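Participant: My structure is below; once you've seen it, I'll send some questions.
The values are calculated or read from the model by the stated rules, or taken from the named source; none is laboratory data. In this text, all values refer to a predicted model and were calculated from it rather than measured experimentally. Because the Cβ atoms are built from the backbone with ideal geometry, glycine has one as well, and the counts that use them run over all protein chains shown. Side chains are part of the model used for accessible areas, which takes the heavy atoms of the whole protein and leaves out ligands, DNA and RNA. Shrake-Rupley method; radii C 1.70, N 1.55, O 1.52, S 1.80 Å.
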Amino acid sequence: MIVLGLETTCDETAAAVVERDDDGRGRILSNVVFSQIDEHAAFGGVVPEIAARAHVEILDGLIAQAMRESGRHFAELDGVAAAAGPGLIGGLIVGLTTAKAIALVHEKPLIAVNHLEAHALTARLTNDLPFPYCLFLASGGHTQIVAVLGVGDYVRLGTTRDDAIGEAFDKTAKTLGLDYPGGPAVERVARQGDPERFALPRPMVGRPDADFSLSGLKTAVRLEAERQAPLSDQDVADLCASFQAAVADMVRDRLRAGLKLFRERFGQPMALVAAGGVASNQVIRALLNASALDGGTVLVLPRPELCTDNGAMIAWAGAERLAYGLTDTLDAAPRPRWPLDSVRKPTAPPPRPGFGPGSGSGFDLAGDPVPA
Ligand code: KG4
Ligand code: ZN
């Protein structure tokens with residue numbers, strides 16, 4: 001089946017076409033992403049009104065490009081998917097309404113996709129990964145450890161009690177006068193810094209639950225920066241390196257706890273899967289590999305452009321849901337808040353052998369090399 005997917009939840013406008021075979025294997029026919037970073041950079045963060053306006057202006061053109069590059073016509077689609085939440089309401093309305101219009105005109109089923117479910121299922125598109133597996137999602141808006149048990153079947157094992165990890169990187173960058181988005185800037189500057197110069201807190205480390213907390217660490221960076229002011233370039237580099245080391249220690253410990261909870265409740269996971277912009281950080285990537293091995297499993301890390309927000313993940317989640325007949329009506333509402341564990345589950349078994357949970361055929365670890 002062939003599905004068009006639209007992503008407009010935050011500051012990326014994206015459209016993609018993917019194909020899903022009857023045996024559950026997928027391939028990307030086109031994947032077009034426009035990042036609005038330049039339009040928000042001057043404000044140090046995403047401005048919802050600017051984002052919504054930019055989505056309206058460019059989405060049509062991106063869809064036309066995605067269809068052209070896929071070599072398919074609207075008539076050949078089996079479904080039209082859009083991210084219906086969670087996210088910024090203006091963008092959600094733009095994407096979902098556009099998908100409804102295409103579905104209506106071309107008489108195709110609509111799939112209103114949960115953006116987090118799309119992150120969760122991407123590893124099945126890239127690596128044909130069977131269920132169950134453990135997802136670590138770390139982006140600007142979300143920090144979660146999730147047991148992915150089947151399509152529509154997710155159990156949240158841990159989440160942040162305050163800021164998301166990406167948000168903490170962004171706020172730290174702002175405190176230290178670095179550019180937006182902060183993650184890449186902090187990582188770059190940290191390479192020149194001493195990660196042991198400042199003893200920053202490691203909140204939550206050692207606890208049996210798998211939750212995160214970032215706000216104390218963020219505040220500690222600010223207080224230390226105030227103590228050191230005026231900051232030299234070396235002070236900034238040392239603060240970045242010390243912050244990043246604290247985040248890395250926290251992530252390592254929280255994943256240890258999360259993988260333990262996973263094993264106790266669901267047995268051994270087929271993999272640890274990482275997603276979200278933070279997973280492109282080299283220090284974090286290295287520890288993810290070690291965490292997976294310590295947890296007795298393997299790491300699956302989709303390519304960076306599929307870890308960050310994109311249309312292919314929405315199209316793929318749409319295809320996975322469509323395979324179970326999970327479609328939505330044209331009155332589907334955008335949902336700015338939409339917890340992953342409340343998405344609709346399949347009520348019927350998979351329509352054909354090969355579709356369902358645990359059916360991945362020859363799960364492919366070779367495609368995406370993981371840096372040591
Ligand atoms: O998944 P994503 O592209 O978008 C959403 O938030 O949905 O994630 C963006 C977040 C930003 O907070 C950004 O600062 C962070 O991911 N990020 C990083 C790195 N690259 C992006 N954080 C740490 N290190 C990086 N290299
Ligand atoms: Zn995302």
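Participant: Only one of (1) touching an Asp or Glu at 6+ places or on another chain (Cβ under 8 Å); (2) within 16 Å of ligand 2 (Cβ to nearest atom); (3) not acidic (Asp, Glu) fails for GLN282. Which number is that?
Facilitator: Looking at each condition in turn, GLN282 falls short on (2).
Participant: Hey, THR97 hits all of (1) more than 15 Å from ligand 1 (Cβ to nearest atom); (2) in contact (Cβ under 8 Å) with a residue 12 or more places away in the chain; (3) more than 15 Å from the chain's Cα centre (by Cα) but one; which does it fall short on?
Facilitator: For THR97, the exception is condition (2).
Participant: Kindly indicate whether VAL251 is β-branched (Val, Ile, Thr) and not in a helix (DSSP H, G or I).
Facilitator: For VAL251, the condition - β-branched (Val, Ile, Thr) and not in a helix (DSSP H, G or I) - is not met.
Participant: Kindly establish whether PRO302 is part of a loop (DSSP other than H, G, I, E, B) and surrounded by 21 or more Cβ atoms within 10 Å (Cβ to Cβ).
Facilitator: So PRO302 passes the test.
Each row is one residue, and each column tells you yes or no for (1) within 16 Å of ligand 2 (Cβ to nearest atom); (2) part of a loop (DSSP other than H, G, I, E, B).
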{"residue": "ILE111", "(1), (2)": "no, no"}
{"residue": "ALA123", "(1), (2)": "yes, no"}
{"residue": "PHE131", "(1), (2)": "no, yes"}
{"residue": "GLY140", "(1), (2)": "yes, yes"}
{"residue": "LEU149", "(1), (2)": "no, no"}
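Participant: Tell me which residues, restricted to region 262-278, are crowded, with 24+ Cβ neighbours inside 10 Å and farther than 22 Å from GLY150 by Cα.
Facilitator: Within region 262-278, VAL278 is the sole residue that qualifies.
Participant: Would you please list the contacts, defined by Cβ atoms under 7 Å and residues six or more apart or on different chains, that run from a residue in region 126-143 that is more than 17 Å from TRP316 (Cα to Cα) to a residue that is among the acidic types (Asp, Glu) and within 16 Å of ligand 2 (Cβ to nearest atom)?
Facilitator: Filtered contacts from region 126-143: GLY140/GLU167; GLY140/ASP170.
Participant: Right, next: Which of the residues belonging to region 305-331 are in a loop (DSSP other than H, G, I, E, B) and touching a Leu at 6+ places or on another chain (Cβ under 7 Å)?
Facilitator: Within region 305-331, THR327, LEU330 qualify.
Participant: Looking only at residues that are in contact (Cβ under 8 Å) with a residue 40 or more places away in the chain and over 21 Å from PHE169 (Cβ atoms) in region 244-259, which one is surrounded by the fewest Cβ atoms within 10 Å (Cβ to Cβ)?
Facilitator: If we take residues in region 244-259 being in contact (Cβ under 8 Å) with a residue 40 or more places away in the chain and over 21 Å from PHE169 (Cβ atoms), then ALA257 is surrounded by the fewest Cβ atoms within 10 Å (Cβ to Cβ).
Participant: Further, regarding this structure: Hey, could you check region 256-279 for residues that are outside any helix (DSSP H, G or I) and within 15 Å of the chain's Cα centre (by Cα) and say which is farthest from ligand 2 (Cβ to nearest atom)?
Facilitator: By that ranking, first place goes to LEU272.
Participant: Look through region 308-347, keep the residues that are of a type outside the set (Ser, Thr, Tyr) and without any contact (Cβ under 8 Å) to a residue 60 or more places away in the chain, and return whichever of them is farthest from ligand 1 (Cβ to nearest atom).
Facilitator: That would be GLY325.
Participant: Out of the residues in region 305-320 that are open to solvent by 10 Å² or more (accessible area, probe 1.4 Å) and closer than 21 Å to ALA147 by Cα, state the one that is modelled with the lowest pLDDT.
Facilitator: Among them, the one singled out is THR308.
Participant: Then there is this: Taking the condition more than 23 Å from ARG252 (Cβ to Cβ) and buried (at least 24 other Cβ atoms within 10 Å of the Cβ), does LEU125 pass?
Facilitator: Yes; evaluated as a whole, the condition is true for this residue.
Participant: Hey, another quick one. Does VAL205 satisfy being open to solvent by 40 Å² or more (accessible area, probe 1.4 Å), among the β-branched types (Val, Ile, Thr) and in contact with a helix residue (DSSP H, G or I) (Cβ under 6 Å, 6 or more places away or on another chain)?
Facilitator: yes
Participant: Show the residue pairs that are 6+ apart or on different chains and have beta-carbon atoms under 6 Å apart, the first residue being within region 182-196 and in a helix (DSSP H, G or I), the second being more than 16 Å from ligand 2 (Cβ to nearest atom) and open to solvent by 30 Å² or more (accessible area, probe 1.4 Å).
Facilitator: ALA185/LEU178; ALA185/ASP179
Participant: Then there is this: When you look at ILE50, is it open to solvent by 20 Å² or more (accessible area, probe 1.4 Å) and within 19 Å of ALA319 (Cα to Cα), yes or no?
Facilitator: So ILE50 does not fit the description; no.
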